[in-house]
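Below is one structure, written out as structure tokens, with a few remarks after it.
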Amino acid sequence: MPIHFDKESRVFHLSNERISYVLQLVKTGVPAHVYWGRKVKDGQLATLIPYQERSSFSPNPFAEDRTVSFDALPLEYPVYGTGDFRHPAYQVQLPNGSTITEAVYRTHRIYAGKPQLEELPATYVEQDGEATTLELDLVDEQAGLSITLIYTIFEQLDVIARSVRFANEGGGNLKLLTALSAGVDFRTSDYEMVHLAGAWANERHMQRRQLAPGLQSIGSSRGSSSHNHNPFVALLQNGADEDHGDVYGFSLVYSGNFTAQVEVEQYGTTRVTMGINPFDFSWLLEPGESFQTPEAVLVYSAEGLGGMSRTYHRLYRTRLCRGEFRDKSRPILVNNWEATYFNFNADKIEQIAKAGSELGIELFVLDDGWFGKRDKDNSSLGDWVVDRAKLPGGLDDLAQRVRNLDMQFGLWFEPEMVSPDSDLYRKNPDWCLHVPDRRRTEGRQQLILDFSRPEVCEAIRTMVADILRSAPITYVKWDMNRNMTEIGSAALPAERQRETAHRYMLGLYSVLEQLTSEFPHILFESCSGGGGRFDPGMLYYMPQTWTSDNTDAISRLHIQYGTSLVYPISSMGAHVSAVPNHQVHRMTSLEMRGLVAMSGNFGYELDLTKFTEEERTLVKQQVEQYKAFRPLAQFGDFYRLRSPFEGNEAAWMFVSEDKSEAAVFYFRVLAQPNAPFAWLRLKGLLPEADYALAGEEAEAAVYGGDHLMYAGLQVPRLTGDYQGHMWHFKRK
Ligand code: DGJ
């Protein structure tokens, strides 16, 4: 049984073939954290919790037993106020104003499968045999508070999914002040912390630092997961690296404000907690009501960061993403944003699409500017009515013209926004997030619709659905271009104002659930000024995300490498754009831009009609090359070979699940005079198999898997800055 409860020691042991996660109900009835890591046998596990008398500054719940103190115990879901002085996982305010609660064991259930989380995205199983779940009920009788800790262990993946359900079983109101999704207390602090930080056009840069005493935390209070910090953190046991050592990943399936805290305290232990950011949050639970937290996905890898990433990739690709496109290859697209910005008409669009179709591109995406009177970014959001001045025949006509070129047609929306200069705003000025009598701070001259209100969600859902029904649209880019300010809702009472940001997420998720169910044949791609909401919550509804507004190939080496720590390659939109690059003004070759974009969901974002004959030939080759290895890029295992954060090079590779095919990408940023030979040791191949280079060289070049992995592959001589090379191997 993957979850075993030993009645005598009151130990719960969650395990699969490779990992164990162990907790124990200690004397007071609270669950303590015992162990998480490589699989261990049952027996003596409880001895892993050390008891020792400390000073009087570590208080004791049992006066006569000074060896027990919450200040020193490793806990599963800690609370503040009864002796644990570290940051808590929850805090609840009672009708008398106090915040002291102590929820202890009441009962538990163990069952095959995994529950769906009410109103929230989460990982799932297709058969009950894929996972086992423990629900541990804790209760504070006096407060009428029940807390259910939910743990699911997957059979084939080294994953523990955790979340928490709060319920008010008493007669008075309870207020959740902190309600995190998970906490783990590690016994030592000899770890490095890895996380992803950045800014708009510079997202998800890998950060790595040694833990130090005190709190090191990341988070967002921007109303979305943000460009600045991703809802992910990992601890690496000292000495662990890309391929070796213990790594513990935490990833939150949520798209709103979050926190991830890592706290090293006096006894040299480390507490990791993750969940909705308690800052500016509270949630009123009236008698009989309940609250479900988002899911935290915990991954253990004994094979370094690479092993952790491959587990997240497989889980998120196959058991978080849903719908038809989960297992379908994604079309190569051309998007008109950087080609035309707002300056286009139907003929121009048709010309770009025609050029794309001749090059083998499969989908045309019409970006911002097709609706209302949107010739600049300062108006019309909310007025989802086609602009006949630009598209006289309407969307249906344009989509048909594109389809006649044997291409699919896709469309951009920014449904969560409203421009003050729009009919929607003039009609419903209180439909945006705002606080009475305060300024409504604008970003890109737009405000955010109050998706915490069901009637607002319904109105927007109807408008979007009407458009989607009006033309043969097979792809939607769902954008969101600002962060929240004056977060408040005209529809909520005073005591519920701090629920607005989370209610917004619930509203958004419900709209996305409805639209993606109603239009299962549409491929949805999420976007928030690029990667401002590149998180597992959005992936549940939309299997791909526009990785960054920065399309410069060199910047993308970092952005895509960082993103790959958690997110599958099939989730990353990557386009070849024009040079000088529009964001950083760098000149790079079309070859280099092609190779970087092929390391994601491939596409173009430039005016294809402006290519020279030579460029057209090269682009045709790129499109064919990508089609030949697309299944590998989208469904293969990903191995990072060289980090752009550590030097002048980057390299990565893809290996098919059956190891019969591999593609290797190498990039060198700046030219080096009289450079040393460059070698790449490949990963993930079968040592005993032989691999031939696909294409013309096939007969000449056959390498042993052992040769490629142990001796390495020599990188050809590259000249000039910003160079790349790709190899495609097939098993002989
Ligand atoms: C931000 C997106 O990231 C871009 O790709 C583009 O769609 C613009 N918005 C359009 O306003």
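The values are calculated or read from the model by the stated rules, or taken from the named source; none is laboratory data. Treat the numbers as computed from the prediction; the structure is a model and nothing was measured. In this analysis, Cβ positions are derived from the backbone assuming ideal geometry, glycine residues included, and neighbour counts consider all displayed protein chains. Note: accessible area is taken over every heavy atom of the protein model, side chains too, but ligands, DNA and RNA are not part of it. Shrake-Rupley method; radii C 1.70, N 1.55, O 1.52, S 1.80 Å.
The table below lists the values:
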item: Residues that are touching a residue at least 60 places away in the same chain (Cβ under 8 Å) and open to solvent by less than 10 Å² (accessible area, probe 1.4 Å), drawn from the range 435-459; result: Gln446, Ile448, Leu449, Phe451
item: Strands (runs of 3 or more DSSP E) (entirely within the range 620-713) containing at least 2 residues that are buried (at least 20 other Cβ atoms within 10 Å of the Cβ); result: 637-642, 649-655, 661-668
item: Failed condition for Met505, given (1) touching a Phe, Trp or Tyr at 6+ places or on another chain (Cβ under 9 Å); (2) open to solvent by 10 Å² or more (accessible area, probe 1.4 Å); (3) more than 16 Å from the ligand (Cβ to nearest atom); result: (2)
item: Failed condition for Thr617, given (1) open to solvent by 10 Å² or more (accessible area, probe 1.4 Å); (2) assigned to a loop (DSSP other than H, G, I, E, B); (3) polar (S, T, N, Q); result: (2)
item: Selected residue (only one of Arg556, Arg586 is open to solvent by 10 Å² or more (accessible area, probe 1.4 Å) and not in a strand (DSSP E or B)); result: Arg586
item: Condition check for Pro429: of a type outside the set (A, V, I, L, M), out of contact with any helix residue (DSSP H, G or I) (no Cβ under 9 Å at 6 or more places or on another chain), open to solvent by 40 Å² or more (accessible area, probe 1.4 Å) and away from the ligand (no atom under 16 Å from the Cβ); result: yes
item: Test: residue in the range 556-569 that is within 16 Å of the ligand (Cβ to nearest atom), in contact (Cβ under 8 Å) with a residue 60 or more places away in the chain and touching a Gly at 6+ places or on another chain (Cβ under 8 Å); result: yes
item: Single unsatisfied condition, Arg314 versus (1) open to solvent by 30 Å² or more (accessible area, probe 1.4 Å); (2) assigned to a strand (DSSP E or B); result: (2)
item: Test for Thr500: is it within 16 Å of the ligand (Cβ to nearest atom), open to solvent by less than 10 Å² (accessible area, probe 1.4 Å) and among the hydroxyl-bearing types (Ser, Thr, Tyr); result: no
item: Residues within the range 379-408 that are within 16 Å of the ligand (Cβ to nearest atom) and either open to solvent by less than 20 Å² (accessible area, probe 1.4 Å) or in a strand (DSSP E or B) (or both), tallied; result: 7
item: From the options Thr148, Thr107, Thr123, Thr132, residue that is in contact (Cβ under 8 Å) with a residue 24 or more places away in the chain, open to solvent by less than 20 Å² (accessible area, probe 1.4 Å) and in a strand (DSSP E or B); result: Thr132
item: Candidate set from the range 356-378 (those that are open to solvent by less than 10 Å² (accessible area, probe 1.4 Å) and within 13 Å of Gly603 (Cα to Cα)); member that is nearest to the ligand (Cβ to nearest atom); result: Val365
item: Residue within the range 573-595 that is of a type in the set (S, T, N, Q), within 22 Å of the chain's Cα centre (by Cα) and within 14 Å of the ligand (Cβ to nearest atom) present; result: no
item: Odd one out for Leu685 among (1) within 26 Å of Leu590 (Cα to Cα); (2) touching a Gly at 6+ places or on another chain (Cβ under 8 Å); result: (1)
item: Residue list for the range 206-226, restricted to those being in contact with a Leu (Cβ under 9 Å, 6 or more places away or on another chain), of a type outside the set (S, T, N, Q) and either farther than 26 Å from Glu646 by Cα or surrounded by 18 or more Cβ atoms within 10 Å (Cβ to Cβ) (or both); result: Met206, Leu211, Ile218, Gly223
item: Selected residue (criterion: farthest from the chain's Cα centre (by Cα)) from residues of the range 332-355 that are over 30 Å from Pro631 (Cα atoms), more than 12 Å from the ligand (Cβ to nearest atom) and open to solvent by less than 20 Å² (accessible area, probe 1.4 Å); result: Ala346
item: Any hit, the range 11-19, residues being more than 22 Å from Ala161 (Cα to Cα) and at pLDDT 95 or above; result: no
item: Qualifying residue in the range 391-414 (condition: at pLDDT 95 or above, on the phi > 0 side of the Ramachandran plot and not β-branched (Val, Ile, Thr)); result: yes
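One line per residue, one yes/no per condition, for (1) open to solvent by less than 10 Å² (accessible area, probe 1.4 Å); (2) in contact with a strand residue (DSSP E or B) (Cβ under 9 Å, 6 or more places away or on another chain):
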{"position": "Asp246", "(1), (2)": "no, yes"}
{"position": "Ser251", "(1), (2)": "yes, yes"}
{"position": "Phe258", "(1), (2)": "yes, yes"}
{"position": "Tyr267", "(1), (2)": "no, no"}
{"position": "Val272", "(1), (2)": "yes, yes"}
{"position": "Gly275", "(1), (2)": "yes, yes"}
{"position": "Pro278", "(1), (2)": "no, yes"}
{"position": "Leu285", "(1), (2)": "yes, yes"}
